[in-house]
Amino acid sequence: MFDDHLAEAQRFKEQSDAVIAAREQALADARAHAQTIISSRLQEHAAEAKESRTRLEEQLRKRLAAAEQSIAERRSAAIANVEAIVADSAAAIVERLIGKTPTKEEIAEALRRAKSS
């Protein structure tokens, strides 16, 4: 009878060990599966972030190009305005000094020579 109880206790222990091993294996499998899901999601998010960053960089490049174009146009307009003011001022100065208004061609030639020297 004692041996029967000992044998039954041994069977319970073996069954318990099998259940524990199965539970540990299921837990390990669940962790591995979770890790696979996490890894997959991280890769998806990294790809999405890269696409988003690429789109944003392209938008910024376009905005920068537009801003540079606008600056160049405004600079050209400002220089043209300054040149017109200089020409008008030069004509007024010459008229005041010698009493004769120079022609636009004379003013343009004088300004061209002044720029090149």
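Just so it is clear, none of the values below were taken in a lab; they were calculated from the coordinates. In this text, all values refer to a predicted model and were calculated from it rather than measured experimentally. Here Cβ is always computed from backbone atoms with ideal geometry, including for glycine, and neighbour counts include all displayed protein chains.
Within the stretch 70-93, residues that are touching a residue at least 12 places away in the same chain (Cβ under 8 Å) sit with their Cβ atoms under 8 Å from residues that are not in a helix (DSSP H, G or I), at 6+ positions apart or across chains, in these pairs: ALA90/PRO102; ALA91/THR101; ALA91/PRO102. Do the conditions hold for SER76, that is, is it surrounded by 10 or more Cβ atoms within 10 Å (Cβ to Cβ), within 30 Å of LYS115 (Cα to Cα), within 34 Å of the chain's Cα centre (by Cα) and among the polar types (S, T, N, Q)? Spelling it out, SER76 is indeed surrounded by 10 or more Cβ atoms within 10 Å (Cβ to Cβ), within 30 Å of LYS115 (Cα to Cα), within 34 Å of the chain's Cα centre (by Cα) and among the polar types (S, T, N, Q). Can you tell me which residues in the stretch 93-117 are surrounded by 12 or more Cβ atoms within 10 Å (Cβ to Cβ) and outside any loop (DSSP other than H, G, I, E, B)? Residues satisfying the conditions are VAL94, GLU95, GLU106, ILE107, ALA108, GLU109, ALA110, LEU111.
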